[in-house]
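> After the structure tokens below, expect a handful of questions from me.
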Amino acid sequence: MAVDYQKELDELMEYIIKEGGSDLHLSEGHQPTIRVSGFLVPLVNKPKLTANDTAGFLTILLSAQDSELFLREKEIDFSYNYKNEVRFRGNGFFQQKSVSIVLRLIPKKIKNFVELNLPPILETFAQKHQGFFLVVGPIGHGKTTTLAAMIEYINSTRAEHILTIEDPIEYVYEQKMSIVDQREVRLDTRDFHRALGSVFREDVNVLLIGEMRDIDTISTAVTAAETGHLVFSTLHTNNAAQTIDRIIDTFPSGQQDQIRVQLAGSLCAIFSQRLIPRISGGLVPAYELLINNNAVSNLIREKRSHEIDTVIETSLELGMIDMNRSLAELVRNGEITTENALLYSVNPKALERLI
């Protein structure tokens with residue numbers, strides 16, 4: 001008897017919504033598995049999936065054109081709109097000649113800074129009209145959600161032309177005070193590079209780049225920030241200092257001095273975050289915030305990014321936030337365990353002195 005993969009997929013999506021899950025994993029030889037509060041939970045009432053099952057699910061999730069691309073490239077990013085209630089960001093890939101799928105739930109409602117337990121100072125950067133703001137951290141730690149809160153704040157408070165370039169589109173914005181145009185790679189534009197090349201002719205005020213993946217994307221983003229645009233993007237880096245080094249090291253040695261000067265002049269701030277399991281359930285963010293002032297700008301120009309951590313630690317009164325202080329405060333408030341705080345700290349020994 002043929003399996004109704006649409007019906008099965010709908011049931012799984014309803015389940016992840018009901019349980020407050022963040023991700024759904026579909027892989028041969030495993031039961032469908034969801035991630036809840038950071039932990040993977042297999043759905044024990046479901047049978048283990050076969051290669052035919054995962055391939056069948058993917059035929060529901062992908063268009064005919066994307067299916068051809070997947071078979072050719074062996075992996076694909078995509079989005080899936082479920083009953084106009086929620087969206088899923090998906091990735092399909094081959095492993096040992098069978099298909100695996102990972103789906104990330106993107107809620108329809110865009111939460112604000114308070115609802116996300118983010119620091120109020122982020123509003124300051126959403127109010128700017130020019131500059132470069134980066135949200136960094138590992139995959140799955142809420143970078144896209146934080147940027148969505150910032151874009152929605154702008155959309156709700158002033159009239160701007162906001163353009164997003166994403167692969168795929170995740171949060172969908174309702175037009176409020178701003179005009180919000182969202183371009184999806186492959187669907188609305190051939191690639192990031194081509195879409196970014198058009199930005200300067202599209203009267204854009206605010207630009208969201210889903211991810212800075214290569215030298216062309218980074219170069220255009222920095223140039224846009226220099227020339228009167230407010231630019232938001234993400235990188236998969238651990239902290240502010242590493243982010244600056246990663247950006248500069250992307251360029252050939254002959255161009256690195258130039259990008260240092262550009263970055264020193266255009267950077268607004270770098271916000272690094274981690275989602276930590278909460279004692280009461282769910283996840284709560286811990287974060288680091290580097291604000292680009294004259295001292296930081298000089299460190300970037302003078303190749304002294306290794307001193308940035310010290311600047312953050314000693315600039316609390318200027319609004320900067322040190323990750324260890326953020327973790328220590330969560331421990332003191334009974335939000336997270338000491339063990340988890342130490343696990344997520346990049347400098348556990350220093351954190352031990354704060355707790």
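> Go through the stretch 159-181 and give me each residue that's without any contact (Cβ under 8 Å) to a residue 40 or more places away in the chain and within 12 Å of V204 (Cα to Cα).
Result: A159, S178, I179, V180, D181.
> Now, a different point. Filter the stretch 173-220 for residues that are out of contact with any His (no Cβ under 6 Å at 6 or more places or on another chain), at pLDDT 95 or above and among the hydrophobic types (A, V, I, L, M, F, W, C) and give the result.
If the condition is that a residue be out of contact with any His (no Cβ under 6 Å at 6 or more places or on another chain), at pLDDT 95 or above and among the hydrophobic types (A, V, I, L, M, F, W, C), then M177, V180, V206, L208, I209 are the ones that fit.
> So G29 passes all but one of these: (1) under 25 Å from the mean Cα position of the chain (by Cα); (2) farther than 18 Å from Y82 by Cα. Which condition number does it fail?
Among (1) under 25 Å from the mean Cα position of the chain (by Cα); (2) farther than 18 Å from Y82 by Cα, G29 violates only (1).
> Restrict the check to the stretch 41-48 and report whether at least one residue is within 29 Å of G210 (Cα to Cα) and in contact (Cβ under 8 Å) with a residue 24 or more places away in the chain.
For the stretch 41-48, residues within 29 Å of G210 (Cα to Cα) and in contact (Cβ under 8 Å) with a residue 24 or more places away in the chain: absent.
> Look at the stretch 205-230 and say how many of its residues are closer than 18 Å to V296 by Cβ and under 20 Å from the mean Cα position of the chain (by Cα).
Qualifying residue count for the region: 2.
> Out of the residues in the stretch 1-37 meeting the condition of being part of a strand (DSSP E or B) and hydrophobic (A, V, I, L, M, F, W, C), tell me which one is farthest from N91 (Cα to Cα).
V36
> Can you tell me which residues in the stretch 131-156 are under 26 Å from A264 (Cβ atoms), among the β-branched types (V, I, T) and not in a helix (DSSP H, G or I)?
V135, V136
> If you scan the stretch 130-180, which residues turn out to be charged (D, E, K, R) and either farther than 29 Å from I244 by Cβ or within 18 Å of the chain's Cα centre (by Cα) (or both)?
K143, E152, R158, E166, D167, E170, E174, K176
> Tally the residues that are surrounded by 17 or more Cβ atoms within 10 Å (Cβ to Cβ) and part of a loop (DSSP other than H, G, I, E, B), restricting the search to the stretch 56-82.
Adding up the residues that qualify gives 1.
> If a residue must be without any contact (Cβ under 8 Å) to a residue 60 or more places away in the chain and in a helix (DSSP H, G or I), how many such residues does the stretch 311-335 contain?
Selection size over the stretch 311-335: 14.
> Continuing with this model, one more query. Residues that are under 28 Å from D191 (Cα atoms), hydrophobic (A, V, I, L, M, F, W, C) and not in a loop (DSSP other than H, G, I, E, B): does the stretch 38-55 have at least one?
Yes, the stretch 38-55 contains a residue that is under 28 Å from D191 (Cα atoms), hydrophobic (A, V, I, L, M, F, W, C) and not in a loop (DSSP other than H, G, I, E, B).
> Report, ordered by the first and then the second residue, all pairs with beta carbons closer than 7 Å, sequence separation of six or more or different chains, a first member in the stretch 242-263 that is among the hydroxyl-bearing types (S, T, Y), and a second member that is buried (at least 19 other Cβ atoms within 10 Å of the Cβ) and in a helix (DSSP H, G or I).
T250/I218
> Something else about it: Would you mind stating whether G92 is in contact with a helix residue (DSSP H, G or I) (Cβ under 7 Å, 6 or more places away or on another chain), at pLDDT 95 or above and assigned to a strand (DSSP E or B)?
yes
> For the stretch 207-215, state whether one or more residues are crowded, with 16+ Cβ neighbours inside 10 Å, touching a Gly at 6+ places or on another chain (Cβ under 8 Å), assigned by TED's automatic domain parsing to the domain that holds C268 and within 25 Å of G140 (Cβ to Cβ).
The answer is no, given that none of the residues of the stretch 207-215 is crowded, with 16+ Cβ neighbours inside 10 Å, touching a Gly at 6+ places or on another chain (Cβ under 8 Å), assigned by TED's automatic domain parsing to the domain that holds C268 and within 25 Å of G140 (Cβ to Cβ).
> While we're looking at this one, here's another question. Can you tell me which residue is nearest to N294 (Cα to Cα) among those in the stretch 242-277 that are in contact with an Asp or Glu (Cβ under 7 Å, 6 or more places away or on another chain) and surrounded by fewer than 23 Cβ atoms within 10 Å (Cβ to Cβ)?
Filtering first and then ranking leaves G265.
> Still on this structure: How many residues, within the stretch 234-268, are in contact with a helix residue (DSSP H, G or I) (Cβ under 6 Å, 6 or more places away or on another chain) and within 23 Å of Q182 (Cα to Cα)?
Qualifying residue count for the region: 2.
> On the basis of being over 22 Å from P120 (Cα atoms), touching an Asp or Glu at 6+ places or on another chain (Cβ under 9 Å) and either among the small types (G, A, S) or in the same structural domain as G38 (by TED's automatic domain parsing) (or both), does S326 make the cut?
no
> Pull out all pairs, ordered by first then second residue, where Cβ-Cβ is under 9 Å, the residues are six or more apart or on different chains, the first lies in the stretch 299-310 and is in the same structural domain as F271 (by TED's automatic domain parsing) and over 16 Å from I259 (Cβ atoms), and the second is among the polar types (S, T, N, Q) and surrounded by 13 or more Cβ atoms within 10 Å (Cβ to Cβ).
Close Cβ pairs satisfying both conditions: I308/N239; D309/N239; D309/N347.
> Moving on to the next point. Among E202, E152, E174, E170, which is acidic (D, E) and under 24 Å from N91 (Cα atoms)?
Just a single option satisfies the conditions, and that option is E170.
> Give me the pairs, please: first residue somewhere in the stretch 73-91 and closer than 19 Å to I17 by Cα, second residue anywhere and hydroxyl-bearing (S, T, Y), beta-carbon distance under 7 Å, and either six or more positions apart or on two chains.
Once the first residue is closer than 19 Å to I17 by Cα and sits in the stretch 73-91, its partners that are hydroxyl-bearing (S, T, Y) give R87/S79; R87/Y80; F88/S79; F88/Y80; F88/Y82; R89/S79; G90/S79; G90/Y80.
The values are calculated or read from the model by the stated rules, or taken from the named source; none is laboratory data. This one's a predicted model, so the numbers in the text were calculated from it and none came from an experiment. With ideal geometry, Cβ positions are generated from the backbone for all residues, glycine too; neighbour counts draw on all protein chains shown.
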